[in-house]
Amino acid sequence: MSGLSDHARRNREFWDRRSDEYHERNAAFIAGGMAWGVWQIPEAELNVLGDVSGLDVLELGCGAAEWSRALLAAGARPVGLDNSAKRLEWARRANEEAGVGFPLLHASAEDVPLADGSFDLVMCDWGAMTFADPYLTVPEVARLLRPGGFAAWTGGTPWAWVTYDEGRDAHGTELLSDYFGLHRWDDAEGSVDFMLPYGEWIRLFRRSGLAVEDLIEVRPPEGARSTYRTAEDAAWARRWPLEQIWKVRKEARVSAGSEH
Amino acid sequence: MAELSPEAARNRDLWTQTNAEYTHEQGRRAWAQEEISWGIWSLPEREVGALAGIELEGADVIELGCGTGYVSAWLARRGARPVGVDVTPAQLETARQLQLEHGLDFPLLEADAQAVPLPDASFDLVVSEYGASIWCDPYRWIPEAARLLRPGGRLVFLCNSTLVILCSDDEEPALERLVQTQFGMHRFEWPQGGVEYHISHGSWIALLREHGFEVEALHELQAPADASTHEHYGYVTADWGRRWPAEELWRARKR
């Protein structure tokens, strides 16, 4: 792809470089699919997606495509997209082992080479909605959805961002960075992460013709385990949301007067 | 008026005292102001745009927790037909006095915003500026707002941000660290205050959706570079408010 943004190129390199190590550390923990986020809260508990049978689903930042395989098993028609070829190799291998097949697409979620209105659901679990610029991905999500279709994705929270202590790689209680202007974080390890203030997310959804359906502020159960997060993070997340799930729906038509 | 809840009675006592100490005079200044402005940093509506695109001319407006009535006065001057509702007689008395001084008359109703004695679907806009928006239980006043609105009507309310509440303990001003737990946040009693209600972003969205509202906007208000800490409301400094949101304005449309 010629139009890859600078941060998309950097994140592609980051994920290609980290792919095997990531798989080694987390693959067994997330193998089942149908569970959200760093504490793998079951979809059956959160009920974000509902019945997916018969839906055309796009997973943005699918990695080894654990979610897409689970959605396929639940009757959906998934397409897995990832910006890293190395991550998609793991997806192909896992699909072969499971004896299943569905399209796997090597592309940035900021510029998806698929037709408008192709999906009933676009979903993402700490994938491209964190590692791509929401000012580009949210309009893409809106473009790819059919009218009445919906999108849901997990990511971090503004609170997690403003309390992040890079030196300790942990979240404390001190507000260490500004909330206003929140957008991009160049991580010391080489990735570029994105986050927006609450009001800015809502402004972007509305501008893209997406209605806000839900914001689930995830609270892990006591003693929740994770291969992604420490016990200290889990204790923090019992008090304040460290991850959140947005759910938005593409409006059947743009209602008059909703833009301002 | 129906008997007040203990919370509403406490808040009425607080606001009777605050009106004598502050809002009686502040209301006079606000009534004299031509421009609509929002919150402790006095951000002009032309910059915030919380009411942008809402037809005010001829609109039936109800202000829930109107205090001295200056927001209703601003809207009346733009052609709206406001009704001001408040639970504190002293503040309504100030509002009546200012109506006479400004020759601007609109109904003022002594009532609890959680149980407004007016018919369903009688308003085009519900507005609450630090009224019901923090002094009433959202699980009671949001259903009332939904009931009072006509289909397509708007709800605009200003309240404290979640973050400033999370950073507030018994002493003012807000700290630069999280001290309150977010999960379960709802009812707050500060040592010198009444009873306030603050819920998280996810809870607001769920509650608004449940009562038939589409969320149209969330304006998080930032203190401008030249802002000073507010003369009366010292719960947050201007320095804090430049980095993090102390206040937010929600806008929703009833389906």
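Here, each number is a calculation from the coordinates, and none is a lab measurement. From a predicted model like this one, the values you see are computed outputs, not experimental measurements. We place every Cβ from the backbone using ideal geometry, glycine too, and count neighbours over all the protein chains shown.
Some observations on this one:
- Which of A:36, B:11, B:136, positive extreme of dipole for the protein assembly as shown (C-beta unit charges): A:36
- Computed E for residue B:183/residue A:4 - FRET, C-beta separation, R0 35 angstrom, nearest 0.05: 0.30
- Counts of other chain beta carbons within 10 angstrom of each beta carbon in peptide B:213-221 average 6.
- For the range B:6-254, the alpha-carbon coordinates run over 45, 39, 39 Å along the three principal axes, in decreasing order.
- Part-to-part distance (alpha-carbon centres) for the range A:150-228 and the range A:5-81, which is given in Å: 18 Å
- For residue B:216, the residues 5 or more places off, or on other chains, whose built amide H falls under 5 Å of its own are B:251, B:252, B:253.
- Partner lysines whose Cα lies under 30 Å from the Cα of residue A:86, excluding those fewer than 8 positions away in the same chain, are identified as A:247.
- Sparsely packed trypsin sites (Lys or Arg not before Pro) within the range A:155-260, loop by DSSP, other Cβ within 10 Å at most 14: A:168, A:225, A:253
- Other residues with beta-carbon under 15 Å from the beta-carbon of residue A:239 carry, at +1 per Lys or Arg and -1 per Asp or Glu, a net charge of -3.
- You can think of it this way: the chain between residue A:100 and residue A:31 has 23.4 nm of extra reach, that is 0.36 nm per residue less the Cα-Cα gap.
- Its alpha carbons give the protein assembly as shown an Rg and a Dmax of 24.6, 82 Å.
- Estimated FRET transfer efficiency when R0 is 22 angstrom, pair residue A:228-residue A:73 (beta carbons, to 0.05): 0.40
- About the centre of its Cα atoms, chain A shows a dipole size close to 520 debye [charges on the beta carbon of Lys, Arg (+1) and Asp, Glu (-1) only; nearest 20 debye].
- Note on residue A:184 and residue A:21: the extension gain reaches 56.2 nm, defined as 0.36 nm multiplied by sequence separation minus the Cα-Cα distance.
- Only Lys, Arg (+1) and Asp, Glu (-1) charged, at Cβ; the range B:1-107 dipole about Cα centre in debye: 100 debye
- Dipole moment magnitude, nearest 20 debye, the range A:124-260 about Cα centre, only Lys, Arg, Asp, Glu C-beta charged: 820 debye
- Positive-end residue of A:201, A:14, A:212, charge dipole of the range A:6-250 with Cβ unit charges: A:212
- Note on the range B:6-254: dipole from Cβ charges, positive end direction compared against B:222, B:26, B:194; the farthest Cα belongs to B:222.
- Potential lengthening between residue B:33 and residue B:169 on full extension [0.36 nm per residue; Cα-Cα distance subtracted]: 45.6 nm
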